[in-house]
Amino acid sequence: MSIKGVSSVIDCPLDDYSVNSVPEIRDSVVAIARSVLGDAWFRVEYENSEPIGYTHTLHRFRLLIDNDRYIGARAVVRGTRFLRVLFTIPFGYGYEPRASLSMYKPDADLRDTSKHVEDELHPPSGQVYISIPIVYAILGVPQADVSKWSLQIEGDVDNPAEFNIVDLYELGLVEIETSFHCVTGWSIRRMMFTGVPISKIVELVKPRGVAKWVYIESLDGYTTIIPYDDFNRERSIIALEMNGKPLDILHGYPARLIVPHLYGWKSAKWVSKIVFTNEYKDGYWEALGYHPRGNVALEERFKQN
Ligand SMILES: Nc1nc2c(c(=O)[nH]1)N[C@H]1C(S)=C(S)[C@@H](COP(=O)(O)O)O[C@H]1N2
Ligand SMILES: [Mo]
């Protein structure tokens, strides 16, 4: 867990819970907080609401512990369905959950394998086109010394490997054209990325049959997770160049992942480690309720989509 100022996240999925207004959501958050966290906090404050695409809204509240510390509450709502609330517990706060919460099981969220059209240049609804990608660096832009940098591949593989930048160039690069979609609702229409096909890496390291997931780690401490079958797609690459030029530091130099059919948060920048594993583990955004797969065509923005 490396969410700024947060020691843990308490995820409370809700079943068949419908809400119609922000005050109603606030009252529900208060009731859930009382049953899960007890009443060590004394007041709830509304922070803001943010549309996530056209399908979801994220409502943020603060449960004040004292005058300058609070437990964050993030309520995820789709239409009138209240899907879950996530409490972010600050460091230094001795929290003991009252209710026992079940472990998140991703398989239910991966059920939809319906034949959808994966047209990466023309995504479905819920996205607005802009012309320049917005730079995201939720944990800051790391120092990248390319002479020391390498990409490590490990976990359930026959041949763990480590590639420096020269090794990657020598594996042979391909160029793909794709559009790029951030889960918050913006897309870029045509981008060119050049990099090493994931299929090439897979061929070399030979993941074992048990590897259902691919856990990604970056230099900045950012992490994300991708189902193996989505990671190992024909058009997935370790990108070294964007629009014909080496990546600049803001966009992930020396290397970033590009998985065209998944939302942008799966395309980790400054990537440093790829772990093949049979065990699901939340990455940064998944811990805050975002979807284990994040397929754009299926609008998989949040868990329990
Ligand atoms: N290491 C790292 N990778 C990251 C992020 C981040 O904050 N840190 N943000 C993700 C998100 S949410 C998006 S939409 C894309 C944005 O890519 P860009 O900054 O090149 O526009 O990067 C993804 N990869
Ligand atoms: Mo994003």
So how many residues does the range 37-54 have that are surrounded by fewer than 17 Cβ atoms within 10 Å (Cβ to Cβ) and in contact with a strand residue (DSSP E or B) (Cβ under 8 Å, 6 or more places away or on another chain)?
9
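I need a count of the residues in the range 217-256 that are polar (S, T, N, Q), touching a helix residue (DSSP H, G or I) at 6+ places or on another chain (Cβ under 6 Å) and either assigned to a strand (DSSP E or B) or at pLDDT below 95 (or both).
Here is the first cut: in the range 217-256, the residues polar (S, T, N, Q) are 218, 223-224, 232, 236, 243.
Narrowing the set further to residues that are touching a helix residue (DSSP H, G or I) at 6+ places or on another chain (Cβ under 6 Å) leaves 224, 232, 236.
Narrowing further to those that are either assigned to a strand (DSSP E or B) or at pLDDT below 95 (or both): 224.
Total satisfying the criteria: 1.
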State the number of residues belonging to the range 263-281 that are within 16 Å of ligand 2 (Cβ to nearest atom) and over 29 Å from residue 145 (Cβ atoms).
1
When restricted to 239, 211, the only residue in contact with a Phe, Trp or Tyr (Cβ under 7 Å, 6 or more places away or on another chain), within 25 Å of residue 109 (Cα to Cα) and in contact (Cβ under 8 Å) with a residue 40 or more places away in the chain is 211
Breaking point among (1) within 11 Å of ligand 1 (Cβ to nearest atom); (2) surrounded by fewer than 22 Cβ atoms within 10 Å (Cβ to Cβ), for residue 263
(2)
List, please: which pairs have Cβ atoms under 6 Å, are six or more places apart or on different chains, and start with a residue in the range 261-286 that is on the phi > 0 side of the Ramachandran plot and end with one that is away from ligand 2 (no atom under 11 Å from the Cβ) and charged (D, E, K, R)?
270/220
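Are any residues in the range 188-210 under 20 Å from residue 171 (Cβ atoms) and not in a strand (DSSP E or B), and if so, which ones?
Narrowing the range 188-210 to residues under 20 Å from residue 171 (Cβ atoms): 192-207.
Hits for the range 188-210 are 198, 199, 200, 201, 202, 203, 204, 205, 206.
The values are calculated or read from the model by the stated rules, or taken from the named source; none is laboratory data. Predicted model, so just to flag it, every value in this text is computed and none were measured. A quick note on method: Cβ atoms are made from the backbone with ideal geometry, for glycine too, and the neighbour counts reach across all protein chains shown.
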